[in-house]
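Q: If you scroll down you'll find the structure; I have some questions about it.
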Amino acid sequence: MSGMLEKEVPADDGGGLLAQVAPPVLVVDGLIVEHRNGTTGEAFRAVDGVSLRVAAGESTAVVGESGSGKTTLAMAATGLGPRSGGRVELLGHALDGLSRRRLRDLRPEVQIVFQDPHGSLDGRQSVRSGLRELRRLQRERTAWIDDAALLERVRLSPDLLDRYPHQLSGGQAQRVCIARALLMRPRLIVADEPTSGLDVSVQADVLDLLREVRETTGAALLMISHDLAVVRSVCETVHVMRRGRVVESGPCETVFTDSADAYTRELIAAMPGARWRARR
Ligand SMILES: Nc1ncnc2c1ncn2[C@@H]1O[C@H](COP(=O)(O)OP(=O)(O)OP(=O)(O)O)[C@@H](O)[C@H]1O
């Protein structure tokens with residue numbers, strides 16, 4: 001089984017050619033998402049005026065402590081969660097005013113990999129029948145590769161095609177989720193804590209795979225994580241969230257080693273992977 005993915009498009013070198021010639025895959029401008037507190041019933045802003053953009057082929061992360069609004073932001077930015085204000089442009093389309101049908105047409109191009117791979121897969125379907133269903137829904141888009149080759153691309157043996165999710169390890173199940181995303185040839189992959197539910201021993205391999213998928217397909221990656229080691233190993237740029245707001249953005253190297261923001265420095269010191277502690 002080949003371990004490496006073949007290059008299908010020129011790999012982006014981070015803010016390189018692809019980012020210069022192609023429009024951004026995601027533009028978020030002043031996004032507000034209000035939720036209601038489950039106990040008091042009061043509305044509060046889980047996302048409070050966030051602006052960011054993800055260039056074509058770019059890998060960017062949103063980090064922040066638990067409850068800072070990362071997942072709410074990702075869901076709203078991909079049209080899967082509610083928005084209370086602000087503007088989102090996904091793959092060049094403003095979400096406001098976009099018909100359900102048009103949004104559905106965009107879906108395959110935006111793939112989401114969640115924290116819990118077993119929760120993401122339908123327990124009643126074998127890997128093969130799950131892929132068959134995707135192929136039925138997107139016949140032309142998915143015709144570029146067969147099931148066995150697809151599994152090889154995520155370094156899984158085709159023998160696993162007839163297994164059910166409960167017969168897969170967490171790492172295998174997450175690779176299946178990545179394969180399902182890859183099958184759609186997305187332009188944007190959103191990965192929400194993609195390794196935090198996995199055994200430490202397989203986390204690095206799954207991150208390597210995500211990095212390879214991005215580099216070889218030219219898809220942009222928006223990674224949600226609280227783990228700086230994860231972010232630093234995969235992403236070029238990072239946005240730091242606190243209480244619904246982005247308090248700092250920039251290249252990972254700069255933000256992790258020389259942050260201008262006091263909260264970011266505090267957060268970095270308290271986060272897993274804190275060996276890139278701020279210097280100041
Ligand atoms: N559907 C909802 N209804 C009410 N409140 C919600 C809802 N979803 C999230 N929240 C609240 O919004 C805030 C932001 O949650 P969110 O899950 O976006 O944060 P997060 O940074 O992704 O956290 P974590 O890292 O723990 O997943 C939290 O206070 C959370 O309790």
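Every number in this text was worked out from the coordinates using simple rules, so none of it is lab data. Since the structure is predicted, the reported quantities are computational estimates derived from the model, not experimental observations. No Cβ is skipped: glycine too gets one built from the backbone with ideal geometry, and neighbour counts run over all protein chains shown.
Q: Would you mind telling me which numbered condition in (1) under 24 Å from GLY171 (Cα atoms); (2) in contact (Cβ under 8 Å) with a residue 60 or more places away in the chain; (3) within 16 Å of the ligand (Cβ to nearest atom) VAL47 fails?
A: (1)
Q: Can you find a residue in segment 69-81 that is crowded, with 23+ Cβ neighbours inside 10 Å, within 11 Å of the ligand (Cβ to nearest atom) and more than 14 Å from the chain's Cα centre (by Cα)?
A: Yes, segment 69-81 contains at least one residue that is crowded, with 23+ Cβ neighbours inside 10 Å, within 11 Å of the ligand (Cβ to nearest atom) and more than 14 Å from the chain's Cα centre (by Cα).
Q: Does GLU152 qualify as being farther than 25 Å from THR78 by Cα, surrounded by 14 or more Cβ atoms within 10 Å (Cβ to Cβ) and within 22 Å of the chain's Cα centre (by Cα)? Give the derivation first.
A: On the way: farther than 25 Å from THR78 by Cα: yes; surrounded by 14 or more Cβ atoms within 10 Å (Cβ to Cβ): yes; within 22 Å of the chain's Cα centre (by Cα): yes.
Yes: the conditions hold for GLU152.
Q: Right, something else. Inside segment 82-104, can you point out the residues that are of a type outside the set (A, V, I, L, M, F, W, C) and either surrounded by 13 or more Cβ atoms within 10 Å (Cβ to Cβ) or assigned to a loop (DSSP other than H, G, I, E, B) (or both)? Even if it seems obvious, please write down each step before you answer.
A: Taking segment 82-104 as the starting set, the residues that turn out to be of a type outside the set (A, V, I, L, M, F, W, C) are 82-87, 89, 92-93, 96-97, 99-102, 104.
Across segment 82-104, the qualifying residues are PRO82, ARG83, SER84, GLY85, GLY86, ARG87, GLU89, GLY92, HIS93, ASP96, GLY97, SER99.
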